Amino acid sequence: LIERAVEAQLIAPLAEAAAELALWQGDGLRARAEVAAACERVVGMPAYISRLGPILALGVRAEADVAEEARARRDDGALATSRDIARGYLETVQALRDEAAAHLPNFLSQAEAWLAQCQAEVARLEGDDDGAGGWYIGGEFERVGGVRRARLAHILADQTLSMWNPGADGPVHS
């Protein structure tokens, strides 16, 4: 267990940096490979949501980038692959959020933030934007990127949080 904990602390930041660099360079497939390699070694330790969340969110982001390219090429097979991979990462983040809610309340706000980011990237992957390149997201979260947003948020095209803050008083299913 100690070896896995140390590995999560060392491997995850390196993988994050490699995937982020690949995305910055416009190489979604390389980012996909970096995230997949990291997930094989790190996923499965709910107490490390601070390490897993960024990796999984980068994975969904990479798939959204790959999906944009696939859509431009009209490559339905590549688009379907990106959807499947992104949904797998999203389901993992949802499970981590549920685990945090049930047993690790100190990690719940982090888990909810990463879940909200993954949901926004899945919306981008699906091509569901606000008409200006941004996305509206809804779900059971209290924060997005560390900023208080009750269950609804608007992510702008530059991936920043808009000032829009309606604050839903019940669950939002999007």
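Observations, loosely collected:
- One residue stands out among those in the range 117-157 that are assigned to a strand (DSSP E or B), out of contact with any Phe, Trp or Tyr (no Cβ under 9 Å at 6 or more places or on another chain) and among the hydrophobic types (A, V, I, L, M, F, W, C): the one that is farthest from SER82 (Cα to Cα), which is VAL147.
- Restricting ALA86, ALA132, ALA67 to residues that are within 23 Å of ILE11 (Cβ to Cβ) and hydrophobic (A, V, I, L, M, F, W, C) narrows the list to ALA86.
- When the range 98-117 is filtered for residues that are over 15 Å from ARG51 (Cβ atoms), open to solvent by less than 50 Å² (accessible area, probe 1.4 Å) and out of contact with any strand residue (DSSP E or B) (no Cβ under 9 Å at 6 or more places or on another chain), the ones remaining, listed by number, are LEU108, LEU115.
- For the range 59-93, the set of residues classified as open to solvent by 40 Å² or more (accessible area, probe 1.4 Å), among the aliphatic types (A, V, I, L, M) and more than 16 Å from the chain's Cα centre (by Cα) consists of ALA72, ALA80, listed by residue number.
- Criterion applied to ALA38, ALA102 was being modelled with pLDDT of 90 or more and either under 17 Å from the mean Cα position of the chain (by Cα) or among the small types (Gly, Ala, Ser) (or both), and the one residue passing it is ALA102.
- Failed condition for GLY170, given (1) part of a loop (DSSP other than H, G, I, E, B); (2) open to solvent by 70 Å² or more (accessible area, probe 1.4 Å): (2)
- Filtered residues of the range 118-130 (kept if closer than 23 Å to GLY167 by Cβ and either surrounded by fewer than 21 Cβ atoms within 10 Å (Cβ to Cβ) or modelled with pLDDT under 75 (or both)): ALA123, ASP128, ASP129, ASP130
- Of all the listed residues (ALA57, ALA102, ALA64, ALA78), the sole one being touching a Leu at 6+ places or on another chain (Cβ under 8 Å) and either closer than 13 Å to CYS39 by Cα or assigned to a helix (DSSP H, G or I) (or both) is ALA64.
The values are calculated or read from the model by the stated rules, or taken from the named source; none is laboratory data. Everything numeric here is computed off the predicted structure, so don't read it as measured data. In this analysis, Cβ positions are derived from the backbone assuming ideal geometry, glycine residues included, and neighbour counts consider all displayed protein chains. When the accessible area is computed, the model is the full protein with side chains, heavy atoms only, and any ligands, DNA or RNA have been set aside. Shrake-Rupley method; radii C 1.70, N 1.55, O 1.52, S 1.80 Å.
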